[in-house]
Each structure stands twice: as C-alpha cells, then as structure tokens.
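Input: a single structure, listed below in structure tokens.
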Amino acid sequence: MIVISMDSHTELIAKLKPFLPRKWHAEFDEGEILAERYFSTLIGAFGPLNREKRNLGEVGFTPVPDVGRRGGFEEYVRPLPMKERLAMIDADGVAAEFITPFIGAFSDDPNFLHQCTLAYHRYFADYVSAAPYRFTGSTVVNLICGMDTVLEEIDDAYQHGLRAISLPGKVIFASRDLPTYNSRFYDPMWSALAERKMAAIFHAGYGREKPLLRWDGTIWPWSNSGKEEPGWELLVQHNILVGEREYLMHLLAGSVPERFPDLRIGILESGTQWIPPMLNEIEMWWQSQTKAGSLKSYRGELSPLEQWHRQCFVTTVFSDDEVPLRKTLGVNNMMWGSDFPHIEGTWPRSRQHLARMLSSVPQSEVELMVGLNAAKMMNFDLEKLAQTPAAQIPWPG
C-alpha cells in the first residue's frame, strides 16, 4: 500500500535567512519575532481545540502541554532535518509528502514577501534534495504584489519542484483592493497553473499568503480604524477556521475549473462537512437559473457539481463522519493528509488510524484515497515510491 500525505508542513518559521539576499536579513529577523509573537498567542486561542484533536484522540499519546507552557509552541517551531524526517515518515508508513509552508517571517511589505517566496523555493529544493522524488508541495504567491509578480513566482516554484500555490480564501486578507476569485483578473494566474498542471490550494490557518490577517486586534482588513473592536478574537478565530470558505462558491460560480480544464483546486485541512451543502446550494441555483434562462454571465456548460467532480479535491485525516462523504464528494476527489509534524495529526500511527477508519471501505477505494489519487495529481513516481521503506510496511489487518 503506497500512502501519500497530501497535507504536511515545514516548521512554523522555515529557516529562509541563508537563502535570502543579505539586504533582507534584518527585515527577516524582525518578521520572525513578529511571527513568533502572533503564533504563540494563537496557540493560546486554538490550544483547547488542538488538545481535543490530538491525533484524533485515538493514537494513545500524552496530552498536549497546557497552553502557555513551552512545549506547545515548541511543537510547531522545532526544525526537522531531512534525515530525521525521512526516518519518521518511513516508520509511519508514509512514502511521500505534499508540504505546505506555514507562516515564515511575518510582514506586509510586498517586496520582502516576494523575496521570501523566492527564498522558500531555494530552501525547499535544498531541503528535499536527499530524496526529491518523495516530496512536492505548494508555494505562497503574493497577490499583494500584483499579477506580474505572481506569474514570476509560479514559474520559479515550478522550476524548483513545487506543484501548487497557496492562496488566501478571503482575498481581503491579502489586499483590500483585490476582486473575488470569480473575476477575470485572475485568469492569467489560472492559465499559468493550468499550463504547468499545477494546483491552487486553500489551507485554513495563519499563513504568509494572508499578510493582513493579524492576531492582535489592531488591524482589520475591512476596517481602517486601526483600533481593537469588541469580539475580535472570536471573529478572527472564526475566519481562520470557517470564514474563508467563500472561495469555493466564487470559483465554481465563475466557471474557473471549466475554463481552465488542466487546473486543479484543492482544499487542505479545512474540514469536509461544509462542502456538500455548499455544492448542493450553488447547484440548485445553477439548475434553477439555467432552466429559467436568467443565467446570462455563466459561460460554461458544466454545472458547479460537475466542475467539482472533474477538477477539485479535498484532503482530510479521515474521521468517522468523513468516510461516508466519499459517496457525495467522490472517491477520486478525496485524499488523506497526516498534518505531519503537527501535534493534532496522525503521526506516528497513521497506517493504524487509516486502517481503522477505512476498515469498511473496499480496498480499491482505500488505495485511491490514501495514495493513488495524490500520486496522479502530483505526478509522483509510483515505481520509486514502491521501493521506499515506508511502502514495505504491511497494512494493518
């Protein structure tokens, strides 16, 4: 059984400084301090949730350290050398990983953000050089920098072995001036991705692609007051977890998948239960307005649901209530991710977890969801992956 995680990560703040031009080192140091400050506060907000999700509560580990103690934050920022990473995923039976970068040095300076993206590409290629066939991932493109820069970042990412870009669900977290994703403004970006058979992914959380998303109450993307507003903590937490989901509606309403048939759109670590109701809702509107002849702006022939099944995918750790969704979302549209090395993931008993969750699922479907879908999507070499120590581990009976 070849198992591929389609949701893994670097450490919280990737060590990009050696890959940055020296002129940006001071700004990186300042951004690193800011990122640590924001994220350590964020740990306090999400700590209870992470404790509940700790390896889905079923892999038998000690509880996450109490919020405010050093262990919780250190779980996320500890560097993970490649030799150690390979040993850990091999023991866990994971043959390959799709790696999503996290915060990095925090800033809203467009020039610096662009340099961090280019530095990340060099960092990533160097990081995976011991076994490049086992890794790919996404980069952060900086919508705040303008479309020409985004296109440059996409090409550079592809040249360094990355096969996706991370985008903010709410574009307002990148810039107040950006249109929503149904706009033709983004067509050059979709075209560049489709030409390279790259994916656009949306990952819930606090990332470099969202420079205006702050965790201090002083700046709201939709407000210029610069003041704390009542309830900001709850509202930011809502936006991080569920408030960014509008992108799927915009993409399908704008017939983006149909207009760019080689584009893939992925939803990572953002839940699954919300997707069927949203698909049903927009499908209902599409069917109703199509029959009435009132849908004048929609240029495609595929319905939103047809677009989903042809070109979209969702990645999850798989829990009891998610397994049945394969009948609605599609076996070919669901993939697994361990969230490694995060504390709320399934390492180091990922195979045991998957075997338990998918025990009633036909083996052909299990093989697709835990590895073959990802291999096809990201062009992993299955023959090479079959030779990894991870692939030799028997599937739990």
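Looking only at residues that are out of contact with any Gly (no Cβ under 6 Å at 6 or more places or on another chain) and surrounded by 22 or more Cβ atoms within 10 Å (Cβ to Cβ) in the stretch 104-114, which one is nearest to THR41 (Cα to Cα)?
Filtering the stretch 104-114 for residues out of contact with any Gly (no Cβ under 6 Å at 6 or more places or on another chain) gives 104, 108-114.
Filter once more, keeping what is surrounded by 22 or more Cβ atoms within 10 Å (Cβ to Cβ): 104, 113.
Working: GLY104: 16, LEU113: 22 Å.
Per the criteria, the residue is GLY104.
Every residue in the stretch 82-103 that is more than 20 Å from ILE2 (Cβ to Cβ) and crowded, with 24+ Cβ neighbours inside 10 Å, please.
Once the filter is applied, which keeps residues that are more than 20 Å from ILE2 (Cβ to Cβ) and crowded, with 24+ Cβ neighbours inside 10 Å, the stretch 82-103 yields THR100, PRO101, ILE103.
Scan the stretch 134-150 residue by residue and report those that are crowded, with 16+ Cβ neighbours inside 10 Å and either part of a helix (DSSP H, G or I) or touching a Gly at 6+ places or on another chain (Cβ under 8 Å) (or both). Steps first, please.
Residues of the stretch 134-150 that are crowded, with 16+ Cβ neighbours inside 10 Å, as a first pass: 134-145, 149-150.
Matches in the stretch 134-150: ARG134, PHE135, THR136, VAL140, LEU143, ILE144, CYS145, THR149, VAL150.
What's the total number of residues in the stretch 328-343 that are at positive phi and either free of Cβ contacts under 8 Å to residues at least 40 places away in the same chain or touching a helix residue (DSSP H, G or I) at 6+ places or on another chain (Cβ under 7 Å) (or both)?
Within the stretch 328-343, residues that are at positive phi and either free of Cβ contacts under 8 Å to residues at least 40 places away in the same chain or touching a helix residue (DSSP H, G or I) at 6+ places or on another chain (Cβ under 7 Å) (or both) number 1.
In the stretch 344-356, what count of residues is obtained for those that are buried (at least 22 other Cβ atoms within 10 Å of the Cβ) and either in contact with an Asp or Glu (Cβ under 9 Å, 6 or more places away or on another chain) or without any contact (Cβ under 8 Å) to a residue 40 or more places away in the chain (or both)? Can you show your working first?
If we filter the stretch 344-356 for residues that are buried (at least 22 other Cβ atoms within 10 Å of the Cβ), which is where we start, we get 345-347, 350, 353-354.
The next check asks that each one be either in contact with an Asp or Glu (Cβ under 9 Å, 6 or more places away or on another chain) or without any contact (Cβ under 8 Å) to a residue 40 or more places away in the chain (or both); those that pass are 345-347, 350, 353.
Number of matching residues: 5.
Which members of the stretch 89-122 meet the condition of being assigned to a helix (DSSP H, G or I) and under 21 Å from VAL370 (Cα atoms)? Walk me through how you get there before you give the answer.
Of all residues in the stretch 89-122, those assigned to a helix (DSSP H, G or I) come to 89-91, 110-122.
Residues satisfying the conditions are ILE89, ASP90, ALA91.
Among the residues of the stretch 136-174, write down those that are at pLDDT 95 or above and of a type in the set (D, E, K, R).
ASP148, GLU152, GLU153, ASP155, ASP156, ARG163
Out of all the residues in the stretch 189-213, which are touching a helix residue (DSSP H, G or I) at 6+ places or on another chain (Cβ under 8 Å) and more than 18 Å from PRO110 (Cβ to Cβ)?
Residues satisfying the conditions are TRP190, ALA192, LEU193, ARG196, MET198, ALA199, ALA200, PHE202, ALA204, GLY205, TYR206.
Anything in the stretch 130-142 that is touching a residue at least 40 places away in the same chain (Cβ under 8 Å) and among the hydroxyl-bearing types (Ser, Thr, Tyr)? List them, or say none. Let's see the steps before the verdict.
Step one: list which residues in the stretch 130-142 are touching a residue at least 40 places away in the same chain (Cβ under 8 Å), which gives 130-131, 133-134, 136-138, 140-142.
Hits for the stretch 130-142 are TYR133, THR136, SER138.
The values are calculated or read from the model by the stated rules, or taken from the named source; none is laboratory data. As the structure is a prediction and not an experimental result, all values here were calculated from the model. Every residue, glycine among them, receives a Cβ derived from its backbone with ideal geometry; neighbour counts consider all protein chains shown.
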